[in-house]
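Written out below as C-alpha cells is the structure these notes cover.
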Amino acid sequence: TVLSTTLMRAGKYGLVGLSNVYDASDASESFRFDPEGARLVGSELFVADEYGPLLCVFGLEGGRRRVIPAPAKFGIARPDARAVDKDRQNGSGRVANRALKGWR
C-alpha cells in the first residue's frame, strides 16, 4: 500500500529525466535526474544518480541537501544531453545508461 509520495527537487524545481534540463557545465546543478539506488540513513535519503554520476542527499521533505560527486575517473570530459553524442565524444568515463546503478 502506498502511503505517500514526495517530489524530489533541487531548490524549488522538481528533478526529471528529460535531457533538455541537463546542465553540461555542472552536473550537480542539473535538474536531469535518473535515480538508480537509494539508502535511507537517519533522516537523509542517499540516492545514486546515473546522469552525474553523483550521490545526491535528500531530506525527507524531498529537497536536495547536497551532492557528492563520484571520483573523477567515472565522469566524462565532454558532457552532452544526447547520449549518442556524449558516447561518441568521450573515450573514457561513464557510458550512457551504464553509470551508477546502485551504491551499497
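What the table shows:
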quantity: V2 accessible area, assembled protein chains, probe 1.4 Å, Å²; calculated: 120 Å²
quantity: Rounded accessible area of L15 (nearest 10 Å², 1.4 Å probe); calculated: 20 Å²
quantity: Long-range amide H partners of I68 with built H, under 5 Å; calculated: L55, C56, V57
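The values are calculated or read from the model by the stated rules, or taken from the named source; none is laboratory data. Everything numeric here is computed off the predicted structure, so don't read it as measured data. Side chains are part of the model used for accessible areas, which takes the heavy atoms of the whole protein and leaves out ligands, DNA and RNA. Shrake-Rupley method; radii C 1.70, N 1.55, O 1.52, S 1.80 Å.
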